[in-house]
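Remarks on the structure that follows.
Nothing in this text is a laboratory measurement; each read-out follows from the coordinates by a stated rule. Everything quoted here is computed from the prediction, not taken from an experiment. Ideal geometry is used to build each Cβ from the backbone, glycine not excepted, and the neighbour counts take in all protein chains shown.
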Amino acid sequence: MTTQHPGGDGAARRHPGLRHLRRAFAIGLVLTTAVLTTGTAATAAPPPPSTPDLGPTVTVFDPSMPVGEIQAALDAVHATQVDNEMGSQRYAFLFKPGSYGTAEHPLQIKVGYYTEISGLGASPTDVVINGKVEVYNRCLADGGTSNCLALVNFWRTLSNLSINVNAAGQDGCRASADFWAVSQAVSMRRLNVSGANLSLMDYCTAGPQYASGGFVADSRLPFVVSGSQQQWLTRNSEVAGWSNGVWNQVFSGVVGAPDDAAFPNPPYTTLDATPLSREKPYLFVDAQGRYNVRVPAAQRNSRGISWADGMTPGRTVPISDFFVAKPSDPVQVINNQLARGKHLLFTPGVYDIARSIRVKRPDTVVLGLGHATLTAVNGAVPLDVADVPGVVIAGVTIDAGLKESPVLLRVGSRYGDQPSSADNPTTLSDVYFRVGGPHVGKANIALEVNSDNVLIDHTWVWRADHGVEGFTDTERWNTNTGRYGAVINGDHVTATGLFVEHFQRYNTVWNGEDGTTILYQNELPYDPPAQADWMNGSVEGYAGYKVGDQVRTHTLYGGGVYVFNQNNPSIHTENGFEVPETPGVKLHHIMTVNLSAGTIDHVVNGVGGAADTTKIGVPVYVVEYPAP
């Protein structure tokens, strides 16, 4: 394993003019938990299993509940969360097995910020929503009537259920599809959708209708209207068809995926099988009403959904084996429970972390509900995972705090032995990072992976380009400081869906051997005040994706680096990608694009034309590097 000192920056927003968004107020809403009751028998029967205490903002629905009651609870939270981009409220709605909504009275769910919608079945077919589950554009100007887009529709989760699309009561445009208009940090997993198209943009709300997602895995989907989605990863799924692509659409292990022979027109990148995958753990209720967590096993060279022939292969862990944490629980209590061999479930909320939560035992599961958020206090490293195999971290957001943290999530010791298992990789699923946004944030590195054989399955590592901190864009450069987004030092690390944005040096530094990335999306920082602030020694700027100079084997499938130097449009970045010149380092289907300011002079290592303001929104592609 070779190591290079991280040195970079990278990131970029998806469209100009998305700073200083208004912060909506949020209403504290405590929802009751509905529990099935059983009838009494002539002889004494054991009491039904109780619903675990998952916190006041988790609602468990039962199919016996009236549709109107369920709809009212969902609508109330959506009203508080639809504009609450930087708020602290967190919610999860969980559906017990059964059917919800009818042909005459469909259940029409709209999903706002920090909201999870999940089924509690062992299979996605165990929970059926007759209706729709949707995200629409937000309208950010003129009192909410114009500048309507999905570019900041972040932080929401949809998983483990079937949607039988029923648009009864909606107008003709809305009835044409189920709309999921989202951007980064939005996860779709274990879905079974039928009855209408799935649209990844909202073409019914007034334009410009931009979207910049996204991720779906382990799902059976109808015809998909990609629309304005700039980049998207579909992994281990089935699709009935796919409509188009903007810049970078990647398919890995997808039955029905489009062919990529004509790249970049359309801009498809297709892998027949996913080299390494592991599906995210999920909460489910068994036939006896007991709560469990299913922990899927890792797969190699896999294709299609994991639940086609029954329960997803893996192991079942009863909820009694978890410590169910609340935001009020001290870290010492959490660490004591982990040391005793408990797994960890974070209920929704914001946790202030002044000392590291330490995961030391192999095969430990750390699962967050409702976008549970760990915020660094006094420069702490919020989450520290030992050099052990099989740890799974899923559904957790990690925020930088006011004092600089050296790292926000560290996997393995920089100087340890890196014991690992190729068949049982430590896995990060839907783990998100923020430096700034809801408050000032400071971190040297967001994600540092030192262990070998680690799988990163969908992450957004974000130094905020906008927020509620009250700074000008120039002030943000010196106040919300994040030098490196992802630093990968371990060997045999795989990333499926790596989104890293706006860091002040290299956004991603990959020092380990035999690394693989399947879809990389990056925006360089918007806010360097001058070229002098954006220099890597004598080189103008930092590449958005850096493979260490000593690395001899590395593969990237489908990558994009975008530039929008809004503070100073004269700033240049020499290369979007920077890699060692060696046959074992291969980049497949990469591009740069100008979002309206600044210049990336070359795509990779001096190859490829300039992404400058003569080509706003027009990608500059390199099909293969090095050229065959």
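Each of (i) 18, 40, 26, 14, 2; (ii) 21, 58, 20, 1, 0; (iii) 18, 52, 28, 2 is a candidate for P(r) over Cα pairs in 20 Å bins from 0, in percent; the one calculated from this structure is (ii). Any idea which of Ile445, Ser413, Val391 is furthest toward the positive side of the dipole for the stretch 387-447, if Lys and Arg beta-carbons carry +1 and Asp and Glu beta-carbons -1? Ranked along the dipole, the leading option is Ile445. Amide H to amide H, with H built 1.01 Å from N, Asn536 comes under 5 Å of Gly541, counting only residues 5 or more places away or on other chains.
Charge tally for Asp601 (other residues, Cβ to Cβ under 9 Å; Lys, Arg +1; Asp, Glu -1): -3.
Rounded to the nearest 5, the antiparallel percentage of DSSP beta bridges internal to the chain is 15%. Exposed loop sites are taken as GluC sites (Glu not before Pro) in a DSSP loop (any state but H, G, I, E or B) with at most 10 other beta carbon atoms within 10 Å; the longest stretch of the chain without one runs 105-580. If a/c stays under 1.5 just call it rounded; otherwise compare a/b with b/c (prolate if a/b is bigger, oblate if not). Do that for the stretch 274-365, with a ≥ b ≥ c from the square roots of the Cα gyration tensor eigenvalues. Prolate is the answer for the stretch 274-365, as a/c is 1.5 or above and a/b outweighs b/c. Computed from Cα atoms, the angle from the helix 67-81 axis to the main principal axis of the chain rounds to 30 degrees. Using a cut-off of 14 Å between beta-carbons, work out the net charge of the residues near Leu344 (Lys and Arg +1, Asp and Glu -1, Leu344 not included). Taking every other residue near Leu344 into account, the sum is +2. May I ask for the longest run of the chain untouched by trypsin sites (Lys or Arg not before Pro) that are loop-located per DSSP and have at most 16 neighbouring C-beta atoms (other than their own) within 10 Å? That would be 24-289. Considering only beta bridges that DSSP places wholly inside the stretch 58-277, some 5 percent are antiparallel.
Summary: within the chain, the longest segment free of chymotrypsin sites (Phe, Trp or Tyr not before Pro) located in DSSP loops with at most 12 other C-beta atoms within 10 Å is 26-414.
Across the stretch 549-563, computed HN-Hα scalar couplings (Karplus, 6.51 cos²θ - 1.76 cosθ + 1.60, θ = phi - 60°) run 4, 8, 6, 10, 9, 6, 9, 10, 10, x, x, x, 10, 10, 10 Hz from first to last residue, x flagging Gly and Pro. Taking each of Lys442/Lys615; Lys110/Lys615; Lys110/Lys280 in turn, the alpha-carbon distance tops 26 angstrom for Lys442/Lys615; Lys110/Lys615. Each residue of the stretch 186-192 was assigned a 3J(HN,Hα) from its phi angle through the Karplus expression (A = 6.51, B = -1.76, C = 1.60, θ = phi - 60°), giving 10, 10, 10, 9, 6, 10, 10 Hz with x at Gly and Pro.
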